[in-house]
Amino acid sequence: MPGFFLRARKMPVPQVPLFSFDTPPGADLTDPAVDQICDDSPERARQWLFLSQLPGFGLRVRRRLAAHVPQLPDLLNLDSARHKAMGLPAEACEVLAAWRRDDAEHPALVALRVIESACERNGIGIVHWQSSAYPLPLRHIHNPPLLLYIRGDTNLLSRDQLAVIGSRHATRAGLDHARGFAAALGECNLLVSSGLALGIDGAAHAGALDAGHPTLAVIGSGLDKIYPRQHQRLGERVIANGLLVSEYPPGTQARPAHFPQRNRIISGLSRGVLVVEAGFKSGSLITARLASEQGRDVFAIPGSVHSPVARGCHQLIRQGATLVESVADILQELGGWWSEPTTPGASVQSAATEGLGAREIAVLEALGYDSQSTDVLGSSTGLSADQLMQSLLLLELQGLATAAPGGYVRIA
């Protein structure tokens, strides 16, 4: 995988107009100009919803239009001649004309009502570009979404987030790391976000929720079509105790092309991205690259040199990502961006080992992160076979060790 200079995020960046759809990484994310464009009226929301479905209304077109209208919904007040003069595609001009003449039978207006009905039926809210709830960090990415569909606690969009991502084919150790880091990050007032995928994503969401913290999931389908199906219940937990987000209207099925688009939102919402496990071809590396381009911090957990799902993390570290062994490493890099926890929290490892007996601690210290046989462990600890197996069982129950081909490995 080619290098992409992760450390470039530390460079100073010149300011540009906030609403040009081209604000660079590092720009001021608390710009007061946001208040000047906010409009939370239902009519404005409907206009943005309509524009989000406009054919041929991609980033290049929107950038060109920014020189002609203060805000994109102002297009709806212009006639077809002006639209054509601005270089809008013919199909878009025809749809805009249908809006101006209020042609209720036009397919675009029918589709708009279908989306509105589905949102109302499924309890789906809309946060558009001019909403006061639109996340400030997301305004500054290269290609911000015109709007987001949401289910859950909208206030979470304003929380400092750290994305925890990784392989769908995670190891037991990786899943445990994702859970442990998510729980500890929640204790530090960081909202854990991810993509609800199998593997690391799901473990991160579950780890935050199980520890009593909210979590945010961005998916590549409509909010009424939770994907993957195996995470239907997890998605419902996210809605009840966090926030589910999508760029796609209800009724949209997940497609491969949606996931890179979803990934830019995951990284764009966050202050940083933690890659727990990733192979060379993992989609998590795409998210890490996007995060770097957006000026976000990139973190990676190292793994065994023999593990295929550690190679992507090692590559990121070679390219400048911050090597992470504990939550403290993340907090130190984030600096002033995170808020102090309300109650002091112990490290993941010290909290997990609390209450272990002397034999279990001895076995844990003897274990490595590469598989060790029971013969080797017995020799290094001096325990009998029965004592060793009992201690290993207790460590497994605590989530500190797990069986692996050839023996056991430490996972915390």
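The values are calculated or read from the model by the stated rules, or taken from the named source; none is laboratory data. Computed from a predicted model, the values in this text were never measured in an experiment. Cβ sites come from the backbone with ideal geometry, for glycine too, and all protein chains shown count toward neighbours.
What to note about this one:
- Across segment 56-78, the qualifying residues are those that are surrounded by 14 or more Cβ atoms within 10 Å (Cβ to Cβ) and within 30 Å of the chain's Cα centre (by Cα), and the one among them that is modelled with the lowest pLDDT is Ala66.
- Of everything in segment 122-132 that is surrounded by fewer than 19 Cβ atoms within 10 Å (Cβ to Cβ) and in contact (Cβ under 8 Å) with a residue 40 or more places away in the chain, the residue that is nearest to Leu244 (Cα to Cα) is Asn122.
- Scanning segment 79-103 for residues that are under 38 Å from the mean Cα position of the chain (by Cα) and not in a helix (DSSP H, G or I) yields Met86, Gly87, Leu88, Pro89.
- Only one entry of Pro12, Pro25 meets the criterion of being modelled with pLDDT under 50, surrounded by 13 or more Cβ atoms within 10 Å (Cβ to Cβ), over 18 Å from Leu148 (Cβ atoms) and not basic (Lys, Arg), and that entry is Pro25.
- Per-region count, segment 145-170, residues over 14 Å from Val275 (Cβ atoms), of a type in the set (Ser, Thr, Tyr) and either touching an Asp or Glu at 6+ places or on another chain (Cβ under 8 Å) or not in a helix (DSSP H, G or I) (or both): 1
- All of (1) at pLDDT 95 or above; (2) touching a helix residue (DSSP H, G or I) at 6+ places or on another chain (Cβ under 8 Å); (3) surrounded by fewer than 20 Cβ atoms within 10 Å (Cβ to Cβ) hold for Ser270 with one exception: (3).
- Scope segment 286-300; condition crowded, with 24+ Cβ neighbours inside 10 Å, of a type in the set (A, V, I, L, M, F, W, C) and not in a strand (DSSP E or B); matching residues: Ala288, Ala291
- Flag if Ala173 is crowded, with 22+ Cβ neighbours inside 10 Å and out of contact with any Lys or Arg (no Cβ under 7 Å at 6 or more places or on another chain): yes
- So Gly320, is it under 21 Å from Glu333 (Cα atoms) and surrounded by fewer than 19 Cβ atoms within 10 Å (Cβ to Cβ): yes
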